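**Q** Could you have a look at this structure, given as structure tokens, before my questions?
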Amino acid sequence: MIRFATNSFSWHPTYNKGIGDLTAEDICRQAFECGAEGIEIEPARVSKAALDEIGIVLSGASTGGPLFDEWTVADADQVVSVAAEARAYGGEYVFFTAAPKGGWGADVPVTPDNLKLAGERFNTLAQRVRAEGVTIGLHNHAATPQGLAAELALLREHTDLALVGLYFDVAWAFTGGGDPLAILGEFGPRCMGFHFRNATADKVPTEGLEGGALDIPALVEEIKATGYSGWVALELWHRDDVPTTKSMVECQTEALRYLKCLFA
């Protein structure tokens, strides 16, 4: 059964204009009022009792680290800790964002040896996360073709299909120069979650899901064709260069309604 979530990032005031100073409970309450069944938020920010009172569940949580660079035991332990916290709240997954080689903002080439080592690290990490009863997927977040190619090669060639899935972010795939439909054609059966956002042809996020360069209905049909049954999450981004005519709450409500209709 498809269930619909949203990500608390959309309410982060540093990255989204027009967002007030909200508590985690405020964010979760607004997400619920928008029509979300689940929310992706750090478990430490909100209590399970508050989520239960609001009527929303923790679908999953975000984590990450320098997988291509100086990866440490502490980095791995932190990911496992987030997974354990998510599971304690009833969360089903964590999505892992690997910092690009050289750090955020860099576009350093990733060598075959880098990929091999990163794959070994990820497989070991995934074993530990799976032992917590949580699914883990690589969340593609590269903003360049070179970075996206490295993420896909890591999955394709160096990670265990039984341990590591793809948490597919359709907008970041497009921003990184990829064809989201083609990527779904290859990795669709391996996807264990999705982030939905749209963008203009010049890669600027759109206010909502409709009217951008991405063919959202076609992407949904491709996902449905795989037989996927799990969480689908919305991650709108009202950054400063996004023309907005409606509030985040209004846009979330419309976008979630739109997704639900497409997946029906």
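**Q** So which residues in the stretch 98-149 are modelled with pLDDT of 95 or more, closer than 24 Å to Val170 by Cα and among the small types (Gly, Ala, Ser), if there are any at all?
**A** Ala98, Ala99, Ala118, Gly119, Ala126, Gly137, Ala142, Ala143, Gly147, Ala149
**Q** Also: Looking at His238, is it buried (at least 16 other Cβ atoms within 10 Å of the Cβ), part of a strand (DSSP E or B) and touching a residue at least 40 places away in the same chain (Cβ under 8 Å)?
**A** It is false that His238 is buried (at least 16 other Cβ atoms within 10 Å of the Cβ), part of a strand (DSSP E or B) and touching a residue at least 40 places away in the same chain (Cβ under 8 Å).
Residues checked against (1) in contact with a Gly (Cβ under 8 Å, 6 or more places away or on another chain); (2) under 13 Å from Asn7 (Cβ atoms); (3) surrounded by fewer than 20 Cβ atoms within 10 Å (Cβ to Cβ); (4) not β-branched (Val, Ile, Thr):
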| site | (1), (2), (3), (4) |
| --- | --- |
| Asp21 | no, no, yes, yes |
| Cys28 | no, yes, no, yes |
| Glu33 | no, no, yes, yes |
| Glu37 | no, no, yes, yes |
| Val46 | no, no, no, no |
| Glu53 | no, no, yes, yes |
| Leu67 | no, no, no, yes |
| Ala74 | no, no, yes, yes |
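**Q** Could you tell me how many of the residues in the stretch 176-205 are closer than 26 Å to Ala61 by Cβ, part of a loop (DSSP other than H, G, I, E, B) and either touching a residue at least 40 places away in the same chain (Cβ under 8 Å) or touching a Gly at 6+ places or on another chain (Cβ under 9 Å) (or both)?
**A** Of the residues in that region, 3 qualify.
**Q** Answer with yes or no whether Gly90 is surrounded by fewer than 20 Cβ atoms within 10 Å (Cβ to Cβ), in a loop (DSSP other than H, G, I, E, B) and either at pLDDT below 95 or not aliphatic (A, V, I, L, M) (or both).
**A** In short, yes.
**Q** Can I ask one more? Within the stretch 55-87, how many residues are more than 20 Å from His195 (Cβ to Cβ) and either part of a helix (DSSP H, G or I) or among the polar types (S, T, N, Q) (or both)?
**A** 12
**Q** Another question about this same structure. Being buried (at least 23 other Cβ atoms within 10 Å of the Cβ), assigned to a helix (DSSP H, G or I) and among the aliphatic types (A, V, I, L, M) narrows it down to one residue among Ala142, Ala173, Ala218; which is it?
**A** Of the residues listed, the single one that is buried (at least 23 other Cβ atoms within 10 Å of the Cβ), assigned to a helix (DSSP H, G or I) and among the aliphatic types (A, V, I, L, M) is Ala173.
The values are calculated or read from the model by the stated rules, or taken from the named source; none is laboratory data. The structure displayed is predicted, hence computed values, not measured ones. No Cβ is skipped: glycine too gets one built from the backbone with ideal geometry, and neighbour counts run over all protein chains shown.
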